[in-house]
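Colleague: Once you've had a glance at the structure underneath, I'll fire off some questions.
The values are calculated or read from the model by the stated rules, or taken from the named source; none is laboratory data. Note that the structure is predicted; figures quoted are calculated from it, not measured. Neighbour counts run over all protein chains shown; Cβ positions are idealised from the backbone, glycine included. These area figures cover heavy atoms from the full protein model, side chains too; ligands, DNA and RNA do not enter into them. Shrake-Rupley method; radii C 1.70, N 1.55, O 1.52, S 1.80 Å.
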Amino acid sequence: MGFKESEEQLLSKVATNGGHGENSSYFDGWKAHDRDPYHPTQNPEGVIQMGLAENLLGHDLIEEWIRKNPAASICTEEGISQFRAVANFQDYHGLPFFRQGVAKLMEKVRGGRVKFDPDRIVMSGGATGAQETLAFCLADPGDAFLIPVPYYPAFDRDFCWRTRARLLPIHCHSSNNFNITSSALEAAYLNAQKSNITVKGVLITNPSNPLGTTMDERTIRSLLSFANDKRIHLICDEIFSGTVFKPPHFISLSEIVESDPECHRDLVHVVYSLSKDLGLPGFRVGVIYSYNDEVVACARKMSSFGLVSSQTQHMLECMLADEEFTSNYLVENSRRLMERHGMFTDGLRRVGIRCLEGNGGLFCWMDLRSLLKKETLEGELELWRVIVNEVKLNVSPGSSFHCAEPGWFRVCFANMDDATTERALKRIRLFVNGETEEVEEKKKK
């Protein structure tokens, strides 16, 4: 014990405070999958990963484009002529044509209803780095951002771990489909004031992670008005904006800003990424788009700690410049997401499981309250352990998203093929019906 204490004294508070959040059910589910990963032939009884919001449904489209455009890579005979220029580029502004391509993609995802200035685009190592950079730019240690619950578990890491900022809940409830209300927003702000906590901003996701829903114009305008009135920042994470697959269409915070001449633009910041819309999380392309000149300047300097590699930028600038490809990709990606979402939710519905009505994202907010033995946090975790360890599905419990109502689970559906999806649905069906695979097969005969 004495050795441990002395070792801790040698390290920083960041190294020893456990603020990464790895010791949570959200990440424990990932670990269960890593220990026993499902494979259709090599490990058919393994854990199916349904806790990871990845988009694999359009990878074949990108692979086809790469095969047709070998010059986009400096590692091919067709592209080697660009090797020296790309290999030596390290300017934290990023390749100009890459930033132009990202701006064009953001416009296209939003239906051309808003324009983005490439000079306001700041690169980062994924959305994780973008969020942390914004927290460093906007808040001091101890300052807070208000955030509607439930919210993405890793925001605790992204916004708080190294910056020592805080996230304070705006309480939302299933009675109104977890929508943000003005009264809940005001209450969260007043509670912070009573506790002598400085609120620096509001953080939202649109489309929502984990709900899979888009925010309506009235709510966005209400949040923008609130931020303006309080003179605090409004950050909107829009990394799932290109995953909307059915009405209502996605409305960006930028659209509202452009249509409101009275709003204080210097308080508005948008986070984007290519991880979800294009299914490229390994490329680590995150984007900060801020309307505040000082934030753009500071964030750009900070981006030195997490730049996107020039090789990645070069390949993507070629792909994003292909207007026909990106247009077709977005349409087809949306169609495939709608098809998979329908396939999955219909399968759940057939065994009496409903999900919150969603229209975007790579997941469903699944209602398993009827399966709880106890309507408590422990009751939810007990059910989750059964699902992970016995049913062999890694789904994420609502409590890991700070949801106060036990029984809600986020389940991802776009990170697998159709056969694995069917296998997952079969496991759910057997579990709900209390049957084994052998019993079900006998009933069919």
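Colleague: Could you grab the relative contact order for the chain? Cα pairs under 8 Å, six or more apart, rounded to a whole percent.
Modeller: Relative contact order, the chain: 23 percent.
Colleague: Still on this structure, I have one more. Could you look at the chain and say what percent of its accessible area is carbon and sulfur, using a 1.4 Å probe and all protein chains?
Modeller: Here carbon and sulfur together make up 51 percent of the probe-accessible area.
Colleague: As a check on your grasp of the helix formula, calculate [θ] at 222 nm for the chain: sum -39500 (n - 2.57) over DSSP H runs of n ≥ 4, divide by the residue count, round to the nearest 500.
Modeller: Roughly -12500 deg cm²/dmol at 222 nm, from the helical runs in the chain.
Colleague: Highest first, please rank the peptides 270-276, 30-36 by the mean number of other Cβ atoms sitting within 10 Å of their residues.
Modeller: Highest to lowest by the protection proxy: 270-276, 30-36.
Colleague: Quickly rank 293-303, 209-219 as a protection proxy: mean count of other C-beta atoms within 10 Å, highest first.
Modeller: 209-219, 293-303
Colleague: Whole number in Å², please: accessible area per residue of the chain, 1.4 Å probe, ligands, DNA and RNA not counted.
Modeller: I get 46 Å² per residue for the chain.
Colleague: Over the chain, what is the percentage of antiparallel beta bridges among all DSSP beta bridges, to the nearest 5?
Modeller: Within the chain, antiparallel bridges account for around 50 percent of the total.
Colleague: Does the stretch 384-439 come out rounded, prolate or oblate, given a ≥ b ≥ c as the square roots of the eigenvalues of its C-alpha gyration tensor, rounded meaning a/c under 1.5 and, failing that, prolate meaning a/b above b/c?
Modeller: oblate
Colleague: Cα convex hull of the stretch 334-445: how many Å³ per residue?
Modeller: It is 107 Å³ per residue.
Colleague: Can you grab the distance from the C-alpha centre of the stretch 327-354 to the C-alpha centre of the stretch 359-392, Å, no decimals?
Modeller: The two parts, judged by their Cα centres, are 20 Å apart.
Colleague: Report D for the chain in µm² per second (integer): Stokes-Einstein, Kirkwood Rh on Cα pairs, 37 °C, 0.692 mPa s.
Modeller: Reported coefficient: 142 µm²/s.
Colleague: Let me ask you something else. Along the charge dipole of the chain, pointing to its positive end and built from +1/-1 on Cβ of Lys, Arg, Asp and Glu, which listed residue (G112, A32, A414) has its Cα farthest out?
Modeller: A32
Colleague: Once you have a ≥ b ≥ c as the square roots of the Cα gyration tensor eigenvalues for the stretch 1-103, tell me rounded if a/c is under 1.5, and otherwise prolate or oblate according to whether a/b is larger than b/c.
Modeller: The shape class here is oblate.
Colleague: Quick check for me: using +1 on Lys/Arg Cβ and -1 on Asp/Glu Cβ, what's the dipole size of the stretch 70-325 about its Cα centre, in debye to the nearest 20?
Modeller: The calculation lands at about 600 debye.
Colleague: With +1 assigned to the C-beta of every Lys and Arg and -1 to the C-beta of every Asp and Glu, and no other charges, what is the dipole magnitude of the stretch 56-124 about the Cα centre in debye, to the nearest 20?
Modeller: Its charge dipole is roughly 380 debye.
Colleague: Additional query: Which percent of Cα pairs goes in each bin when the distances of the stretch 70-325 are cut into 5 angstrom slices starting at zero?
Modeller: Per 5 Å bin, starting at zero, the Cα-Cα P(r) for the stretch 70-325 comes out as 1, 6, 13, 18, 19, 17, 11, 7, 4, 2, 1, 0, 0 percent.
Colleague: With +1 on each Lys and Arg Cβ and -1 on each Asp and Glu Cβ, and nothing else charged, work out how big the dipole of the chain is about its Cα centre, in Debye to the nearest 20.
Modeller: Computed about the Cα centre, the dipole is about 600 debye.
Colleague: Measure up K374/K426; K104/K200; K115/K230; K108/K230; K194/K230 against 23 Å on the Cα-Cα distance and list the ones that go over.
Modeller: Pairs exceeding the cut-off: K374/K426; K104/K200; K115/K230; K108/K230.
Colleague: Let me ask another. GNM on the chain, C-alpha springs below 10 Å: top fluctuator among M366, M106, M416?
Modeller: M416
Colleague: Along the charge dipole of the chain, Cβ charges K/R +1 and D/E -1, which of G360, S182, N328 sits furthest on the positive end?
Modeller: Of the candidates, S182 comes out farthest on the positive side.
Colleague: If you don't mind, another one. Under a Cβ-Cβ limit of 4.7 Å, which cysteines in the chain have nobody to pair with?
Modeller: Singleton cysteines: C75, C137, C160, C172, C236, C263, C298, C318, C403, C412.
Colleague: Still on this structure, I have one more. Farthest toward the dipole's positive end in the chain, which of L57, N23, L307, given Cβ charges of +1 (Lys, Arg) and -1 (Asp, Glu) about the Cα centre?
Modeller: N23
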